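Please treat every number below as a calculation from the coordinates, not as lab data. Everything quoted here is computed from the prediction, not taken from an experiment. Ideal geometry is used to build each Cβ from the backbone, glycine not excepted, and the neighbour counts take in all protein chains shown.
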Amino acid sequence: MRSRDHLMLPANARSDNRARTGVPDACANEAVFFPWNEHFEIGIVELDEQHQELFRILNRVAHQVAFAQDDAALRRAIDDLNDYAIYHFEAEESIWKRHLGDARVVGEHEKTHKRFSAKIDRLKSPLVSSDRVAVEELLSFLTKWIVEHIITADRRFGLMVSYVQSGDTLKSARQKADQEHASSIIYLRGVFSSLYEQMVRNVILLMTHVQKRRNTEEMNRKLAYQDSLTSLDNRAALTEKAKHILRVAAENDEQCSLFFIDIDNFKTINDSFGHHVGDIAINNVADKIRRFIRDSDVLCRLGGDDFVLLCYKMNAASAERVAKRLVNLVSRSFLHGKFDLTVTASVGVAVYPENAGSFEDLLKAADIAMHQSKSGGRGKYCFFCDEMQVKSDRKMLVIEAIRAALRTDRLRIVYQPKFSAATGEVTGAEALARLTDPRLGPVSPEEFIPIAEETGLIRPLGEWLLRRVAREAKFCIQQGLPLRALNVNVSMEQMKVPGFHELVRTILEESEVPGSFFRFEITETVATDADDQVLREIDRLCASGISLSMDDFGTGYSSLARLRRFKFREIKIDRSFVNGIGADLDDEAIIEATIAMAGKLGISVTAEGVETQLQRDFLRARGCMEMQGYLYSRPLSWGDFVRFLSTGVASAGTVSSEEDDSDVAQRVLHG
């Protein structure tokens with residue numbers, strides 16, 4: 001084809017084009033899906049530049065389709081292409097009219113361009129970047145039109161202009177152009193139509209791949225930052241958002257309030273109705289809170305039955321109103337089948353920056369306050385205060401003391417003898433764990449036993465106690481000491497572990513002590529709240545010869561049916577009633593009724609905390625069979641206990657922690 005470099009639009013037209021469309025040069029970081037080909041050149045430099053610009057914008061559209069997948073950005077790219085195409089049409093038609101001289105020649109060209117814009121508007125209006133069919137139709141149309149526009153209309157008109165410029169008439173120029181164009185159009189269409197159709201398919205395949213990758217990334221993001229049950233934020237999302245919120249609050253001198261929400265007795269729902277009902281309850285609570293909070297608040301399911309709500313720009317006064325509302329919201333019942341279920345929540349509140357300066361400390365403070373609210377009863381809220389931190393720190397020290405004592409064998413056992421009310425003889429003893437820590441000193445069992453139960457440490461502690469008591473019971477039996485039985489306290493947490501009875505049986509077999517030598521003390525709470533698992537463990541323990549004692553009788557809500565179900569051999573009257581003897585007629589009446597009831601059921605009665613002769617005489621007169629308390633003996637170290645069994649006299653000394661218990665016992669027995 002002959003050169004047509006002289007047919008150029010003025011330079012200001014090119015710069016004007018950039019100003020009108022706002023289309024920059026092709027970005028270096030955008031992929032080239034539709035490359036420019038030298039066969040597209042018609043020899044008119046200005047038009048060839050414009051054709052290349054059309055390809056650059058087309059590539060920008062394809063880039064949005066394949067990678068960005070943003071509806072607004074895709075529409076802007078299409079608008080840019082349409083605007084530039086209109087400008088290009090006008091520039092071309094100006095050239096054709098000027099050089100061909102007959103406006104009718106370009107009339108069909110103008111109609112084609114109008115149809116192009118109308119088609120783009122129709123395809124663009126409902127366009128969604130994720131709609132593969134619609135996007136493919138649009139991209140196919142744009143690509144096919146640009147290629148057809150260049151290799152057919154523009155190439156033909158370019159030839160006509162060239163022949164007219166060479167001296168041919170318009171009619172002759174048209175005939176020559178049509179003839180030359182016809183000789184190559186079939187080849188060009190065949191090559192470029194199939195080539196660019198494949199390129200369109202490649203873009204769509206890439207778009208599909210990117211969509212799948214992004215869907216996978218979105219799913220992973222949800223897994224990483226979203227709770228799968230409630231679709232709320234999880235701990236990771238809360239941590240990220242909370243740190244940002246607190247940073248903004250610090251910069252603007254604002255307060256924030258964090259609420260730690262825990263569903264009360266949630267395990268009861270799971271155990272009674274199944275975990276699927278527990279999940280329904282969790283979602284029910286989540287929906288109630290979600291509908292209540294502001295858009296700016298962050299609600300998270302921390303895990304299990306715990307939720308956290310973080311509120312920006314909220315002081316303590318506002319937080320108290322919110323806490324009250326949260327407690328009331330959660331407490332509303334919901335129907336599940338024929339059951340009208342009601343859950344309650346305990347809420348702990350901490351305020352930033354008064355209670356903590358970081359998210360981690362704020363969360364910890366709210367957690368401490370939540371546990372404080374639980375200790376005061378269910379369905380309440382509590383604000384964090386410094387005294388709670390002191391208690392929490394003490395609790396952590398006790399936890400570490402228990403763990404250290406288990407590791408280093410610093411736990412000790414003391415024995416409090418039981419005596420026959422009629423003869424004063426030793427009938428047995430209760431084994432009690434004692435803890436002394438280098439930092440804390442002696443730690444009361446009233447303090448460390450509940451903490452051990454709460455943290456699960458009661459399981460290894462209880463196993464240690466059973467093994468040690470079994471070993472020392474074997475010693476008493478071998479030495480023929482006057483000891484009929486040993487009482488050992490067992491908690492609900494121990495019996496919840498499947499196979500607890502197997503552990504006990506193994507310990508009995510290893511120590512060669514019969515099960516009948518032991519009496520396991522359980523509280524009224526265990527008897528009242530025992531589920532099927534615990535009941536099975538208790539039945540298996542009894543089958544091995546171990547008898548049961550109900551500890552602290554009268555302080556809970558046990559029923560006569562429970563007394564019969566567990567086949568208790570002993571009831572221990574709590575010291576709080578014994579203390580009322582001679583001072584409280586109600587306490588005396590309860591004791592008399594308990595002894596009378598136990599006598600009818602054939603159950604032995606032991607009174608705890610007997611410290612005065614008045615108490616002893618009252619209990620003996622009412623038929624109490626056994627007594628235990630400081631009037632008879634304080635809890636004795638192992639060496640003192642062996643001496644007491646041997647001589648009937650308890651030493652005031654203590655057993656050195658540096659000596660082995662069995663060595664001490666041998667020394668006591670043999671001088």
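Structural remarks
- Global geometry of the range 288-331, whether rounded, prolate or oblate, following the gyration tensor of its Cα atoms and the 1.5 cut on a/c: oblate
- For the range 276-347, the residue among LEU335, VAL322, VAL308 whose Cα projects farthest onto the positive side of the dipole built from Cβ charges is VAL322.
- Dimensions (Å) - the range 171-250, Cα atoms, principal axes, largest first: 82, 30, 15
- Modelled label positions at SER331 and HIS244, each set 7 Å beyond Cα in the direction of Cβ, lie 3.6 nm from each other.
- Computed Rg/Rh of the range 220-276, alpha carbon atoms with Kirkwood Rh: 1.15
- With the highest mean first, a sort of the peptides 465-472, 256-263 on other beta-carbon atoms found within 10 angstrom per residue produces 256-263, 465-472.
- Amide H to amide H distances under 5 Å link TYR381 with VAL347, where only residues 5 or more positions off or on other chains count and H is placed in the peptide plane.
- Size of charge dipole - the range 415-491 - debye, nearest 20, with Cβ of Lys, Arg +1 and Asp, Glu -1, no other charges: 380 debye
- Point-to-point label distance, GLU354-PHE67, nm (Cα→Cβ direction, 7 Å offset): 5.2 nm
- Partner aspartates and glutamates whose Cα lies under 17 Å from the Cα of LYS496, excluding those fewer than 8 positions away in the same chain, are identified as ASP271, GLU453, GLU454, GLU463, GLU521, GLU524, ASP529, ASP531, ASP532, GLU537, ASP539.
- Each residue of the range 159-169 was assigned a 3J(HN,Hα) from its phi angle through the Karplus expression (A = 6.51, B = -1.76, C = 1.60, θ = phi - 60°), giving 5, 4, 4, 4, 6, 4, 4, 8, x, 6, 6 Hz with x at Gly and Pro.
- Taking the average, over residues, of other Cβ atoms within 10 Å as the packing measure, peptides 507-520, 540-553, 165-178 rank 540-553, 507-520, 165-178 from highest down.
- Amide H within-cut-off set for GLN226, under 5 Å, with H built and near neighbours excluded: ASN234
- A protection proxy built from the mean count of other Cβ atoms within 10 Å ranks the segments 573-584, 440-451, most packed first, as 573-584, 440-451.
- Two numbers describe the Cα atoms of the range 236-349: Rg and Dmax, which are 15.3, 53 Å.
- Using 0.36 nm per residue and subtracting the Cα-Cα separation, the extra length available between SER296 and ASN265 on full extension is 8.1 nm.
- Prolate/oblate/rounded label for the range 356-398 (Cα gyration tensor, a/c 1.5): oblate
- Lysines with Cα under 30 Å of LYS313, excluding same-chain neighbours fewer than 8 positions away: LYS222, LYS241, LYS243, LYS288, LYS324, LYS364, LYS374, LYS380, LYS391
- The HN-Hα couplings worked out from phi for the range 255-266 by the Karplus form 6.51 cos²θ - 1.76 cosθ + 1.60 (θ = phi - 60°) are 9, 9, 10, 10, 10, 9, 10, 10, 6, 6, 6, 5 Hz, whole numbers, x standing for Gly and Pro.
- ³J(HN,Hα), Karplus 6.51/-1.76/1.60, whole Hz, each residue of the range 537-545, x for Gly, Pro: 4, 5, 4, 5, 5, 5, 5, 8, x
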